[in-house]
Amino acid sequence: MPSLASELATWAADLDPTAEDLALADRALVDTVAVAVAARAEPVVGRALGVSEAARWATAAHVLDFDDLHMESTTHISTVCVPAVLATGGGARAYLAGAGVMARIGRALGWAHYSAGWHATTTAGAPAAAVSAGVALGLDAERLATAMALAVPAAGGVQRAFGTDAKSLQVGFAADAGVRAARLAAAGATADPRALDGWLELAGGDPSSLDMGGPAVPGGLAIKVFPCCYALQRPISALSALRAGGVDPAEVRRIVVRTPKGTVTPLSHHRPVTGLQAKFSMEYAAATALLDDYAGFWSFTDEAVQRPAAQRLVELVQIELGDGGDWLLAGEFDAEVHVGDEVLRASQQFPPGSPQRPPTHEELLRKVRECLAGSGLEPESIEWSTAGQLLRDHV
(Lines give C-alpha, C1' and ligand atoms only; values in the text may rest on other atoms or scores of the structure.)
Protein backbone atom coordinates (compact mmCIF):
# COMPACT_ATOMS: atom_id res chain seq x y z
CA MET A 1 0.00 0.00 0.00
CA PRO A 2 1.34 3.48 -0.84
CA SER A 3 1.94 5.81 2.08
CA LEU A 4 -0.52 8.60 2.84
CA ALA A 5 2.14 11.17 1.94
CA SER A 6 2.83 9.46 -1.39
CA GLU A 7 -0.85 9.34 -2.29
CA LEU A 8 -1.36 13.01 -1.43
CA ALA A 9 1.85 14.00 -3.20
CA THR A 10 0.85 12.22 -6.40
CA TRP A 11 -2.52 13.97 -6.34
CA ALA A 12 -0.85 17.35 -5.77
CA ALA A 13 1.77 16.85 -8.48
CA ASP A 14 -0.88 15.84 -11.02
CA LEU A 15 -3.42 18.54 -10.09
CA ASP A 16 -5.01 20.22 -13.11
CA PRO A 17 -7.22 22.97 -11.63
CA THR A 18 -10.64 23.72 -13.06
CA ALA A 19 -11.92 27.22 -13.65
CA GLU A 20 -13.90 26.94 -10.42
CA ASP A 21 -10.78 25.88 -8.53
CA LEU A 22 -8.84 28.85 -9.88
CA ALA A 23 -11.64 31.26 -8.97
CA LEU A 24 -11.53 29.96 -5.39
CA ALA A 25 -7.75 30.42 -5.33
CA ASP A 26 -7.97 34.00 -6.53
CA ARG A 27 -10.64 34.87 -3.98
CA ALA A 28 -8.56 33.25 -1.22
CA LEU A 29 -5.50 35.26 -2.26
CA VAL A 30 -7.27 38.62 -2.21
CA ASP A 31 -9.05 37.87 1.08
CA THR A 32 -5.91 36.60 2.82
CA VAL A 33 -3.59 39.39 1.70
CA ALA A 34 -6.17 42.05 2.60
CA VAL A 35 -6.64 40.62 6.08
CA ALA A 36 -2.86 40.45 6.58
CA VAL A 37 -2.48 44.09 5.54
CA ALA A 38 -5.28 45.05 7.95
CA ALA A 39 -3.22 43.50 10.77
CA ARG A 40 -0.02 45.39 9.97
CA ALA A 41 -0.20 47.46 13.19
CA GLU A 42 -1.06 44.53 15.48
CA PRO A 43 1.55 44.15 18.25
CA VAL A 44 2.20 40.48 17.50
CA VAL A 45 3.09 41.34 13.90
CA GLY A 46 5.77 43.70 15.18
CA ARG A 47 7.01 41.07 17.59
CA ALA A 48 7.35 38.60 14.69
CA LEU A 49 10.04 40.65 12.91
CA GLY A 50 12.66 37.97 13.59
CA VAL A 51 10.79 35.09 11.92
CA SER A 52 10.68 34.13 8.25
CA GLU A 53 8.50 35.84 5.65
CA ALA A 54 6.06 32.94 5.57
CA ALA A 55 5.75 32.90 9.36
CA ARG A 56 5.28 36.66 9.63
CA TRP A 57 2.70 36.80 6.84
CA ALA A 58 0.74 33.84 8.24
CA THR A 59 0.77 35.41 11.70
CA ALA A 60 -0.59 38.65 10.27
CA ALA A 61 -3.22 36.84 8.20
CA HIS A 62 -4.51 34.98 11.25
CA VAL A 63 -4.26 37.35 14.23
CA LEU A 64 -7.49 39.23 13.47
CA ASP A 65 -9.40 35.95 13.09
CA PHE A 66 -10.81 37.32 9.86
CA ASP A 67 -9.32 34.63 7.59
CA ASP A 68 -11.30 32.05 5.63
CA LEU A 69 -12.25 28.63 6.98
CA HIS A 70 -12.67 25.15 5.54
CA MET A 71 -15.74 23.96 7.43
CA GLU A 72 -15.32 20.21 6.90
CA SER A 73 -11.86 20.15 8.49
CA THR A 74 -12.18 23.19 10.80
CA THR A 75 -8.96 24.58 9.36
CA HIS A 76 -7.99 28.06 8.20
CA ILE A 77 -6.47 26.88 4.96
CA SER A 78 -5.47 30.11 3.28
CA THR A 79 -3.69 31.68 6.24
CA VAL A 80 -1.14 28.84 5.99
CA CYS A 81 -1.04 28.04 2.28
CA VAL A 82 -1.08 31.54 0.78
CA PRO A 83 2.01 32.72 2.73
CA ALA A 84 3.85 29.47 1.96
CA VAL A 85 3.18 29.92 -1.76
CA LEU A 86 4.07 33.61 -1.86
CA ALA A 87 7.31 33.08 0.08
CA THR A 88 8.45 30.57 -2.56
CA GLY A 89 7.28 32.45 -5.65
CA GLY A 90 4.34 30.22 -6.52
CA GLY A 91 0.87 30.85 -7.87
CA ALA A 92 -2.69 29.57 -7.86
CA ARG A 93 -1.87 25.94 -8.69
CA ALA A 94 0.65 25.69 -5.82
CA TYR A 95 -1.93 27.17 -3.48
CA LEU A 96 -4.62 24.72 -4.58
CA ALA A 97 -2.27 21.75 -4.21
CA GLY A 98 -1.51 22.63 -0.59
CA ALA A 99 -5.08 23.69 0.15
CA GLY A 100 -6.42 20.41 -1.18
CA VAL A 101 -3.95 18.42 0.90
CA MET A 102 -4.81 20.46 3.99
CA ALA A 103 -8.54 19.93 3.49
CA ARG A 104 -8.07 16.18 3.09
CA ILE A 105 -5.69 15.76 6.03
CA GLY A 106 -8.03 17.88 8.14
CA ARG A 107 -11.01 15.73 7.21
CA ALA A 108 -9.02 12.58 8.02
CA LEU A 109 -8.15 14.03 11.43
CA GLY A 110 -11.87 14.68 11.96
CA TRP A 111 -13.92 16.60 14.50
CA ALA A 112 -12.66 14.42 17.36
CA HIS A 113 -9.15 15.81 16.80
CA TYR A 114 -10.39 19.40 16.97
CA SER A 115 -12.74 18.83 19.90
CA ALA A 116 -9.88 17.18 21.84
CA GLY A 117 -8.16 20.57 21.89
CA TRP A 118 -5.82 20.46 18.90
CA HIS A 119 -5.54 23.50 16.63
CA ALA A 120 -6.22 21.75 13.36
CA THR A 121 -5.00 24.72 11.31
CA THR A 122 -1.50 24.09 12.60
CA THR A 123 -1.54 20.31 12.75
CA ALA A 124 -2.83 19.87 9.19
CA GLY A 125 -1.15 23.10 8.13
CA ALA A 126 2.52 22.14 8.38
CA PRO A 127 2.43 19.25 5.85
CA ALA A 128 0.04 21.23 3.64
CA ALA A 129 2.40 24.21 3.59
CA ALA A 130 5.16 21.81 2.57
CA VAL A 131 3.08 20.84 -0.46
CA SER A 132 2.26 24.45 -1.40
CA ALA A 133 5.90 25.46 -1.14
CA GLY A 134 7.08 22.25 -2.80
CA VAL A 135 4.86 22.70 -5.85
CA ALA A 136 5.99 26.32 -6.07
CA LEU A 137 9.61 25.10 -6.03
CA GLY A 138 8.91 22.51 -8.73
CA LEU A 139 9.29 19.33 -6.64
CA ASP A 140 8.09 16.04 -8.10
CA ALA A 141 5.75 13.69 -6.25
CA GLU A 142 8.55 11.81 -4.51
CA ARG A 143 10.11 15.00 -3.17
CA LEU A 144 6.69 16.35 -2.14
CA ALA A 145 6.09 13.22 -0.05
CA THR A 146 9.50 13.70 1.55
CA ALA A 147 8.67 17.35 2.29
CA MET A 148 5.45 16.36 4.06
CA ALA A 149 7.36 13.85 6.19
CA LEU A 150 9.96 16.50 7.03
CA ALA A 151 7.14 18.81 8.20
CA VAL A 152 5.68 16.23 10.59
CA PRO A 153 7.78 17.31 13.62
CA ALA A 154 6.16 20.76 13.40
CA ALA A 155 2.58 19.50 12.97
CA GLY A 156 1.36 20.65 16.37
CA GLY A 157 -0.59 23.46 18.03
CA VAL A 158 -3.33 23.56 20.67
CA GLN A 159 -6.47 25.57 21.38
CA ARG A 160 -5.09 26.60 24.77
CA ALA A 161 -3.30 29.28 22.75
CA PHE A 162 -6.60 30.90 21.72
CA GLY A 163 -6.95 34.45 22.98
CA THR A 164 -3.17 35.00 23.09
CA ASP A 165 -0.39 35.86 20.64
CA ALA A 166 0.51 32.18 20.54
CA LYS A 167 -2.54 31.34 18.40
CA SER A 168 -1.45 33.38 15.39
CA LEU A 169 2.22 32.65 15.98
CA GLN A 170 1.72 28.90 15.90
CA VAL A 171 -0.01 29.31 12.53
CA GLY A 172 3.09 31.21 11.42
CA PHE A 173 5.28 28.38 12.70
CA ALA A 174 3.27 25.89 10.60
CA ALA A 175 3.70 27.93 7.41
CA ASP A 176 7.42 28.36 8.12
CA ALA A 177 7.86 24.64 8.82
CA GLY A 178 6.29 23.75 5.49
CA VAL A 179 8.54 26.12 3.54
CA ARG A 180 11.59 24.86 5.42
CA ALA A 181 10.64 21.23 4.77
CA ALA A 182 10.11 21.88 1.05
CA ARG A 183 13.49 23.57 0.72
CA LEU A 184 15.19 20.74 2.57
CA ALA A 185 13.53 18.19 0.28
CA ALA A 186 14.64 20.21 -2.74
CA ALA A 187 18.19 20.11 -1.37
CA GLY A 188 18.07 16.31 -1.14
CA ALA A 189 17.17 15.74 2.52
CA THR A 190 15.58 12.34 3.14
CA ALA A 191 12.67 11.19 5.30
CA ASP A 192 10.30 8.25 5.53
CA PRO A 193 6.97 9.25 3.92
CA ARG A 194 5.15 6.87 6.26
CA ALA A 195 5.94 9.29 9.07
CA LEU A 196 2.78 11.11 8.01
CA ASP A 197 0.70 7.92 8.41
CA GLY A 198 2.12 7.32 11.88
CA TRP A 199 1.58 10.92 12.94
CA LEU A 200 -2.01 10.95 11.66
CA GLU A 201 -2.89 7.89 13.71
CA LEU A 202 -1.17 9.27 16.82
CA ALA A 203 -3.19 12.47 16.40
CA GLY A 204 -6.43 10.48 16.31
CA GLY A 205 -7.05 10.54 12.55
CA ASP A 206 -8.33 7.86 10.22
CA PRO A 207 -6.07 7.29 7.16
CA SER A 208 -8.74 5.10 5.55
CA SER A 209 -11.07 8.10 5.27
CA LEU A 210 -8.82 9.83 2.73
CA ASP A 211 -10.84 10.80 -0.35
CA MET A 212 -9.00 12.25 -3.33
CA GLY A 213 -12.15 12.94 -5.35
CA GLY A 214 -14.06 16.13 -5.92
CA PRO A 215 -12.77 19.67 -6.50
CA ALA A 216 -9.36 20.80 -5.37
CA VAL A 217 -10.81 22.07 -2.08
CA PRO A 218 -13.82 19.85 -1.30
CA GLY A 219 -16.64 21.75 0.37
CA GLY A 220 -15.27 25.16 -0.55
CA LEU A 221 -14.23 27.90 1.87
CA ALA A 222 -16.23 30.07 4.24
CA ILE A 223 -15.46 33.80 4.16
CA LYS A 224 -15.82 35.57 7.49
CA VAL A 225 -18.04 38.61 7.80
CA PHE A 226 -16.88 39.48 11.33
CA PRO A 227 -13.23 39.51 12.55
CA CYS A 228 -13.51 36.79 15.19
CA CYS A 229 -13.70 33.02 15.66
CA TYR A 230 -15.99 31.29 13.17
CA ALA A 231 -18.01 29.91 16.08
CA LEU A 232 -19.23 33.48 16.66
CA GLN A 233 -20.30 34.27 13.10
CA ARG A 234 -23.86 33.04 13.41
CA PRO A 235 -24.50 34.31 17.00
CA ILE A 236 -23.45 37.80 15.94
CA SER A 237 -25.40 37.61 12.67
CA ALA A 238 -28.56 36.35 14.38
CA LEU A 239 -28.49 38.83 17.26
CA SER A 240 -27.57 41.75 15.01
CA ALA A 241 -30.96 41.33 13.37
CA LEU A 242 -32.60 42.14 16.71
CA ARG A 243 -30.53 45.31 17.08
CA ALA A 244 -31.55 46.28 13.56
CA GLY A 245 -35.13 45.84 14.70
CA GLY A 246 -34.73 48.56 17.31
CA VAL A 247 -33.65 46.81 20.52
CA ASP A 248 -32.31 49.26 23.12
CA PRO A 249 -29.29 47.53 24.74
CA ALA A 250 -29.79 49.56 27.92
CA GLU A 251 -33.21 47.94 28.37
CA VAL A 252 -31.99 44.34 28.01
CA ARG A 253 -32.27 42.41 31.28
CA ARG A 254 -31.47 38.84 30.20
CA ILE A 255 -29.99 37.02 27.20
CA VAL A 256 -30.39 33.26 26.73
CA VAL A 257 -28.55 31.48 23.92
CA ARG A 258 -28.97 27.84 22.95
CA THR A 259 -26.69 25.86 20.67
CA PRO A 260 -25.26 22.32 20.41
CA LYS A 261 -22.32 21.72 22.72
CA GLY A 262 -19.87 21.03 19.92
CA THR A 263 -20.37 24.44 18.33
CA VAL A 264 -18.75 26.26 21.28
CA THR A 265 -15.61 24.11 21.39
CA PRO A 266 -13.18 27.01 20.77
CA LEU A 267 -15.07 29.54 22.92
CA SER A 268 -13.00 29.47 26.09
CA HIS A 269 -13.29 33.06 27.34
CA HIS A 270 -16.47 33.80 29.28
CA ARG A 271 -15.47 37.11 30.87
CA PRO A 272 -13.13 38.67 28.32
CA VAL A 273 -11.13 41.78 29.11
CA THR A 274 -9.05 42.01 25.91
CA GLY A 275 -9.93 42.09 22.25
CA LEU A 276 -8.13 38.80 21.61
CA GLN A 277 -10.11 37.07 24.35
CA ALA A 278 -13.36 38.55 23.04
CA LYS A 279 -12.82 36.83 19.69
CA PHE A 280 -13.47 33.54 21.56
CA SER A 281 -16.34 34.61 23.81
CA MET A 282 -20.00 33.79 23.20
CA GLU A 283 -20.94 36.29 25.89
CA TYR A 284 -19.13 39.13 24.18
CA ALA A 285 -20.54 38.12 20.80
CA ALA A 286 -24.00 38.76 22.20
CA ALA A 287 -22.88 42.09 23.66
CA THR A 288 -21.29 43.47 20.49
CA ALA A 289 -24.17 42.26 18.31
CA LEU A 290 -26.64 44.25 20.42
CA LEU A 291 -24.42 47.31 20.95
CA ASP A 292 -22.70 47.90 17.61
CA ASP A 293 -24.13 48.65 14.19
CA TYR A 294 -21.44 46.36 12.80
CA ALA A 295 -19.15 44.08 14.82
CA GLY A 296 -16.02 45.10 12.98
CA PHE A 297 -12.40 45.76 13.87
CA TRP A 298 -13.14 48.33 16.57
CA SER A 299 -15.59 46.02 18.33
CA PHE A 300 -12.71 43.63 19.09
CA THR A 301 -10.34 46.15 20.63
CA ASP A 302 -9.52 46.21 24.34
CA GLU A 303 -11.35 49.54 24.60
CA ALA A 304 -14.55 48.15 23.12
CA VAL A 305 -14.49 45.01 25.26
CA GLN A 306 -14.02 47.03 28.45
CA ARG A 307 -16.99 49.34 27.80
CA PRO A 308 -19.30 49.31 30.84
CA ALA A 309 -22.25 48.69 28.54
CA ALA A 310 -20.53 45.65 27.03
CA GLN A 311 -19.46 44.25 30.38
CA ARG A 312 -23.03 44.62 31.66
CA LEU A 313 -24.43 42.64 28.75
CA VAL A 314 -21.73 39.97 29.12
CA GLU A 315 -22.96 39.33 32.66
CA LEU A 316 -26.53 38.89 31.43
CA VAL A 317 -25.76 36.02 29.02
CA GLN A 318 -26.92 32.53 29.93
CA ILE A 319 -25.67 29.72 27.67
CA GLU A 320 -27.68 26.49 27.37
CA LEU A 321 -25.89 23.73 25.48
CA GLY A 322 -27.69 20.93 23.70
CA ASP A 323 -26.29 17.49 22.98
CA GLY A 324 -23.86 16.76 20.16
CA GLY A 325 -22.56 18.89 17.37
CA ASP A 326 -19.70 17.67 15.19
CA TRP A 327 -18.93 20.94 13.41
CA LEU A 328 -19.19 24.66 14.14
CA LEU A 329 -22.52 25.09 12.33
CA ALA A 330 -24.23 21.97 13.69
CA GLY A 331 -27.89 22.30 14.57
CA GLU A 332 -29.17 25.84 15.05
CA PHE A 333 -28.29 28.82 17.18
CA ASP A 334 -31.29 30.17 19.08
CA ALA A 335 -31.44 33.24 21.27
CA GLU A 336 -33.91 34.97 23.58
CA VAL A 337 -33.40 38.60 24.49
CA HIS A 338 -35.54 39.78 27.38
CA VAL A 339 -36.39 43.47 27.12
CA GLY A 340 -38.78 44.63 29.81
CA ASP A 341 -41.76 42.27 29.65
CA GLU A 342 -41.04 41.33 26.06
CA VAL A 343 -39.01 38.33 24.83
CA LEU A 344 -37.43 38.71 21.41
CA ARG A 345 -36.18 35.64 19.57
CA ALA A 346 -33.62 34.97 16.86
CA SER A 347 -32.30 31.80 15.26
CA GLN A 348 -29.89 30.84 12.50
CA GLN A 349 -27.91 27.93 11.11
CA PHE A 350 -25.90 29.24 8.18
CA PRO A 351 -24.45 32.74 8.60
CA PRO A 352 -23.52 35.06 5.72
CA GLY A 353 -20.24 34.02 4.11
CA SER A 354 -20.69 30.31 4.77
CA PRO A 355 -20.51 27.92 1.80
CA GLN A 356 -24.30 27.66 2.04
CA ARG A 357 -24.59 31.49 1.89
CA PRO A 358 -21.47 32.54 -0.03
CA PRO A 359 -20.57 36.21 -0.11
CA THR A 360 -21.44 38.16 -3.21
CA HIS A 361 -18.67 39.87 -5.13
CA GLU A 362 -19.84 43.17 -3.66
CA GLU A 363 -19.76 41.82 -0.09
CA LEU A 364 -16.23 40.47 -0.53
CA LEU A 365 -15.08 43.70 -2.15
CA ARG A 366 -16.48 45.74 0.75
CA LYS A 367 -14.60 43.59 3.27
CA VAL A 368 -11.36 43.84 1.29
CA ARG A 369 -11.63 47.61 0.95
CA GLU A 370 -12.16 47.95 4.70
CA CYS A 371 -9.09 45.80 5.33
CA LEU A 372 -6.96 47.86 2.94
CA ALA A 373 -8.11 51.24 4.29
CA GLY A 374 -5.13 53.53 4.86
CA SER A 375 -2.69 51.26 3.02
CA GLY A 376 -2.92 52.94 -0.37
CA LEU A 377 -3.68 49.54 -1.95
CA GLU A 378 -6.64 48.66 -4.12
CA PRO A 379 -8.15 45.15 -4.38
CA GLU A 380 -7.20 44.99 -8.06
CA SER A 381 -3.51 45.24 -7.16
CA ILE A 382 -3.52 41.88 -5.37
CA GLU A 383 -2.48 39.21 -7.86
CA TRP A 384 -0.31 36.11 -7.52
CA SER A 385 2.55 37.87 -9.31
CA THR A 386 2.45 40.96 -7.06
CA ALA A 387 1.14 39.79 -3.68
CA GLY A 388 4.48 38.73 -2.22
CA GLN A 389 6.02 42.17 -2.77
CA LEU A 390 2.89 43.87 -1.44
CA LEU A 391 3.25 41.94 1.81
CA ARG A 392 6.97 42.79 2.01
CA ASP A 393 6.09 46.48 1.62
CA HIS A 394 3.11 46.58 3.98
CA VAL A 395 3.33 43.81 6.59
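The values are calculated or read from the model by the stated rules, or taken from the named source; none is laboratory data. Just so it is clear, the model here is predicted, and its values are computed rather than measured. With ideal geometry, Cβ positions are generated from the backbone for all residues, glycine too; neighbour counts draw on all protein chains shown.
Would it be correct to say that GLU332 is more than 26 Å from ALA108 (Cβ to Cβ) and within 25 Å of the chain's Cα centre (by Cα)?
yes
Out of ARG194, ARG243, which single residue is in contact (Cβ under 8 Å) with a residue 24 or more places away in the chain and in the same structural domain as ARG27 (by TED's automatic domain parsing)?
The conditions single out ARG194.
Could you tell me whether the range 253-262 includes any residue that is surrounded by 23 or more Cβ atoms within 10 Å (Cβ to Cβ), small (Gly, Ala, Ser) and on the phi < 0 side of the Ramachandran plot?
No: zero hits.
Could you tell me how many of the residues in the range 327-344 are part of a strand (DSSP E or B) and more than 14 Å from ARG234 (Cα to Cα)? Show your work before the answer.
Narrowing the range 327-344 to residues part of a strand (DSSP E or B): 333-339, 342-344.
Now drop any that are not more than 14 Å from ARG234 (Cα to Cα), which leaves 336-339, 342-344.
Counting residues in the range 327-344 that are part of a strand (DSSP E or B) and more than 14 Å from ARG234 (Cα to Cα) gives 7.
It is to be established whether one or more residues within the range 304-316 are part of a strand (DSSP E or B) and more than 24 Å from the chain's Cα centre (by Cα).
no
Would you confirm whether any residue within the range 302-319 is under 18 Å from VAL225 (Cβ atoms) and either surrounded by 15 or more Cβ atoms within 10 Å (Cβ to Cβ) or in contact with a Lys or Arg (Cβ under 6 Å, 6 or more places away or on another chain) (or both)? It would help to see each step written out before you state the result.
If we filter the range 302-319 for residues that are under 18 Å from VAL225 (Cβ atoms), which is where we start, we get 304.
Cutting the leftovers down to either surrounded by 15 or more Cβ atoms within 10 Å (Cβ to Cβ) or in contact with a Lys or Arg (Cβ under 6 Å, 6 or more places away or on another chain) (or both) gives us 304.
Checked the range 302-319: at least one residue is under 18 Å from VAL225 (Cβ atoms) and either surrounded by 15 or more Cβ atoms within 10 Å (Cβ to Cβ) or in contact with a Lys or Arg (Cβ under 6 Å, 6 or more places away or on another chain) (or both).
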